[in-house]
């Protein structure tokens, strides 16, 4: 079994359709991960255990997604020495996602959470891969190839549109 390097957590199973995008990017880069529901409000004991022990299990970075009050990413960052990437999610009880964005983005000094765009789990997966890639040349090579592919796609589209 491959050692899991990234942990993807979310506050509720309703967040899964968004958070799957992070998992898909990690799959693309060949990075093993775990995925679970850890509610800051409904399972605080599980949150404490997860956040204080993830680094002891070999996790390198954590992607935490939450909607509404969105306390999960910040609470994980408060208790874990690992980099935390927060994904604000526009949930059914959200105020157009702004409550989630601000809850994750506006962290106090000393407790950083790298925050991606609203529902931006794809970018969270890429950022997690870049963190892993900083010390893994095989992953770094895949990231370079991915970014080259992005550039080539835009160049092809530009050429196509210029020919019309």
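Only the coordinates and a few stated rules stand behind these numbers; no lab work does. On a predicted model such as this, the values are computed, not experimentally measured, just so you know. Note that we place each Cβ from the backbone using ideal geometry, even for glycine, and neighbour counts take in every protein chain shown.
Annotations for the structure displayed:
- Span per principal axis, largest first, for the Cα atoms of the range 81-164 (Å): 47, 37, 21
- Working note: 222 nm ellipticity from helices only, DSSP H runs with n ≥ 4, each -39,500 (n - 2.57), summed and divided by the residues of the chain, gives -15000 deg cm²/dmol to the nearest 500.
- Ascending count of other beta-carbon atoms within 10 Å, so fewest first, for 45, 34, 138: 45, 138, 34
- Here the simple spin-label model places points 7 Å from the Cα toward Cβ, and for residue 141 and residue 56 these points are separated by 3.6 nm.
- Scaling the Cα radius of gyration of the range 6-136 by the globular reference 2.2 N^0.38 Å produces a ratio of 0.93.
- Protection proxy ranking, highest mean first, for peptides 79-85, 144-150: 79-85, 144-150, where packing is the per-residue count of other beta-carbon atoms within 10 Å, averaged.
- Rounded to 10°, Cα long-axis angle of helix 44-53 versus longest principal axis of the chain: 60 degrees
- In the chain, the longest principal axis of the Cα atoms and the axis of helix 16-28 are about 50 degrees apart.
- Counted over the chain, the DSSP beta bridges are approximately 0% antiparallel.
- Note on 71, 41: ascending count of other Cβ atoms within 10 Å places them as 41, 71, the fewest first.
- The range 31-164: relative contact order as a whole-number percent, Cα under 8 Å and 6+ apart: 19 percent
- Modelled spin labels at residue 24 and residue 95, positioned 7 Å past Cα toward Cβ, are 3.1 nm from each other.
- Computed from the Cβ-Cβ distance with R0 of 35 Å, the FRET efficiency linking residue 105 to residue 153 stands at 0.75.
- Between 0 and 90°, nearest 10: helix 137-162 axis offset from the chain longest Cα axis: 50 degrees
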